[in-house]
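As structure tokens, the structure follows; a few thoughts come after it.
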């Protein structure tokens with residue numbers, strides 16, 4: 001066993017040489033979970049509030065607060081849109097969740113979602129130059145049932161403090177009603193990152209994977225495991241991008257989605273799933289093993305693995321098969337096992353495996369683009385524009401079966417994506433602020449560089465201390481012991 005360094009590179013190399021690939025894969029998951037717990041306890045979370053203006057003398061208190069601030073209030077009173085320029089609203093996102101569908105852990109109670117929602121805020125700031133705050137709300141009624149109308153009312157009441165709302169980890173079917181209602185009734189962008197965000201990055205990965213496999217999106221057969229907010233939106237976005245719904249099969253816990261699913265048809269809350277029942281799977285395929293036979297693409301966002309997707313299913317797929325297994329925190333099958341079963345390209349939602357198809361590549365840039373043009377909503381066309389932007393960026397610097405999408409440490413991908421999204425918002429007629437693509441790119445680039453430089457300065461100057469090395473070593477030792 002090697003000692004692990006603070007940069008956390010080459011996690012595979014720190015495990016004992018006699019460990020199997022399965023032990024290493026499980027060990028990495030356990031190590032990252034344990035390190036996350038200990039590091040969050042060390043820092044007390046990962047987000048803080050800091051001023052963006054200075055106090056240059058005593059009377060600056062009177063500028064930032066009373067009496068000077070009265071002018072800000074009355075100016076915004078007379079023109080509400082001025083709030084985007086005279087307050088932080090123009091660069092501020094509310095990350096709203098009732099924490100009922102957090103990763104693979106399900107309902108973790110309202111405060112249980114704070115780790116993920118603060119994580120979204122962390123990535124928005126560092127990757128997109130966007131400020132964000134976690135808002136974990138209790139949507140339960142007096143009978144303990146989660147009520148989507150409570151989330152809707154909450155967001156409508158607090159929307160005037162934000163430039164955009166990022167919905168997150170809301171269980172189905174509530175997620176459909178919450179998103180579709182708020183997209184239409186709010187005057188700022190409201191989007192569900194588990195839905196549109198995951199769909200955007202999945203489409204980007206699929207575009208480049210199909211290029212490498214020399215296949216066209218309209219020709220391929222696609223098998224999809226899981227029919228929650230993520231996969232149903234992925235299906236809808238793939239169809240909008242040229243996929244053939246007749247060649248798509250979605251399977252949920254009760255079987256295939258098709259026009260014979262009376263259980264879905266009879267429940268109006270699942271209207272998004274019923275739309276796909278009517279459009280896909282004309283052969284009424286009812287199990288996923290059958291759906292995989294001859295399929296070119298497998299997209300799974302379902303129950304965490306590693307045994308949810310079977311190797312024998314992948315072995316029945318078409319030549320040069322593309323497998324996206326994106327459950328978190330553990331993919332439905334480990335990449336090495338999918339490759340052994342014959343997959344040509346394998347993607348997961350995790351950064352410690354090749355081809356991380358994760359919404360973290362999407363939401364920082366997409367929301368930055370929407371904020372810069374003061375968009376009123378994030379359209380599906382904006383999500384598709386982001387997907388094409390990501391795919392084109394990766395192709396321009398080179399792609400291969402182990403590298404189909406950009407990674408989060410490629411700094412210029414986010415201003416590029418932001419600019420493309422901003423331009424699409426203008427084309428779609430949902431922008432208040434009209435700017436050129438070059439202006440959008442430079443604006444986003446400047447803000448992202450500011451955020452990264454600020455974070456580095458806080459570390460360099462000792463305001464953010466490095467975690468003790470013992471935390472890393474103890475987490476690694478614990479993980480190795482669990483899988484030995």
(1) surrounded by 18 or more Cβ atoms within 10 Å (Cβ to Cβ); (2) at pLDDT 95 or above: which one isn't true of residue 446, the others all being true?
-> (1)
Of the numbered conditions (1) touching a helix residue (DSSP H, G or I) at 6+ places or on another chain (Cβ under 6 Å); (2) surrounded by fewer than 24 Cβ atoms within 10 Å (Cβ to Cβ); (3) under 13 Å from residue 209 (Cβ atoms), residue 323 satisfies every one except a single condition; which is it?
-> (2)
Filter the range 274-308 down to the residues that are within 21 Å of residue 102 (Cα to Cα) and touching a residue at least 60 places away in the same chain (Cβ under 8 Å), then identify the one that is surrounded by the most Cβ atoms within 10 Å (Cβ to Cβ).
-> 299
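Within the range 26-35, can one find any residue that is touching a strand residue (DSSP E or B) at 6+ places or on another chain (Cβ under 8 Å) and either assigned to a strand (DSSP E or B) or touching a residue at least 12 places away in the same chain (Cβ under 8 Å) (or both)?
The first filter runs over the range 26-35 and keeps only residues touching a strand residue (DSSP E or B) at 6+ places or on another chain (Cβ under 8 Å), leaving none.
Looking for residues that are touching a strand residue (DSSP E or B) at 6+ places or on another chain (Cβ under 8 Å) and either assigned to a strand (DSSP E or B) or touching a residue at least 12 places away in the same chain (Cβ under 8 Å) (or both), one finds none in the range 26-35, hence no.
So which residues in the range 188-198 are over 10 Å from residue 229 (Cα atoms), modelled with pLDDT under 95 and not in a strand (DSSP E or B), if there are any at all? Before you say what the answer is, go through the steps one by one.
So the first thing to find is which residues in the range 188-198 are over 10 Å from residue 229 (Cα atoms), and the list is 188-191, 197.
Keeping just the survivors that are modelled with pLDDT under 95 gives 191, 197.
Within the range 188-198, 197 is the sole residue that qualifies.
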Of those in the range 166-185 that are free of Cβ contacts under 8 Å to residues at least 40 places away in the same chain and touching a helix residue (DSSP H, G or I) at 6+ places or on another chain (Cβ under 6 Å), the residue surrounded by the fewest Cβ atoms within 10 Å (Cβ to Cβ) is 181
Residue 322 meets each of (1) over 17 Å from the mean Cα position of the chain (by Cα); (2) closer than 24 Å to residue 27 by Cβ with one exception, condition (2)
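Give the residue that is nearest to residue 344 (Cα to Cα), with candidates limited to residues of the range 208-225 that are touching a helix residue (DSSP H, G or I) at 6+ places or on another chain (Cβ under 9 Å) and in a loop (DSSP other than H, G, I, E, B). Talk me through it step by step, then tell me what you get.
Of the range 208-225, the ones touching a helix residue (DSSP H, G or I) at 6+ places or on another chain (Cβ under 9 Å) are 208, 211, 215-225.
Right, trim to in a loop (DSSP other than H, G, I, E, B) and you get 215-221.
Numbers: 215: 13, 216: 16, 217: 16, 218: 19, 219: 18, 220: 15, 221: 15 Å.
That would be 215.
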Select from the range 226-255 the residues that are over 20 Å from residue 392 (Cα atoms) and out of contact with any helix residue (DSSP H, G or I) (no Cβ under 7 Å at 6 or more places or on another chain) and list them in ascending order.
-> 226, 228, 231, 236, 244, 246, 247, 252, 253, 255
Could you pull out the residue among 366, 404, 434 that is surrounded by 20 or more Cβ atoms within 10 Å (Cβ to Cβ), closer than 27 Å to residue 82 by Cα and out of contact with any strand residue (DSSP E or B) (no Cβ under 6 Å at 6 or more places or on another chain)?
-> 366
Return a yes/no flag: does the range 125-140 have any residue that is on the phi > 0 side of the Ramachandran plot and free of Cβ contacts under 8 Å to residues at least 24 places away in the same chain.
-> no
Quickly run through the range 236-268 and pick out the residues that are part of a helix (DSSP H, G or I) and surrounded by 15 or more Cβ atoms within 10 Å (Cβ to Cβ).
-> 236, 237, 238, 239, 245, 247, 264, 265
Within the range 403-435, track down each residue that is closer than 20 Å to residue 383 by Cα and without any contact (Cβ under 8 Å) to a residue 12 or more places away in the chain.
-> 429
Selected residue (criterion: nearest to residue 409 (Cα to Cα)) from residues of the range 1-11 that are within 27 Å of the chain's Cα centre (by Cα) and surrounded by 14 or more Cβ atoms within 10 Å (Cβ to Cβ) | 8
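The values are calculated or read from the model by the stated rules, or taken from the named source; none is laboratory data. Quantities reported herein were computed from a predicted structural model and do not represent experimental measurements. Glycine also receives a Cβ, built like all others from the backbone with ideal geometry; neighbour counts cover every protein chain displayed.
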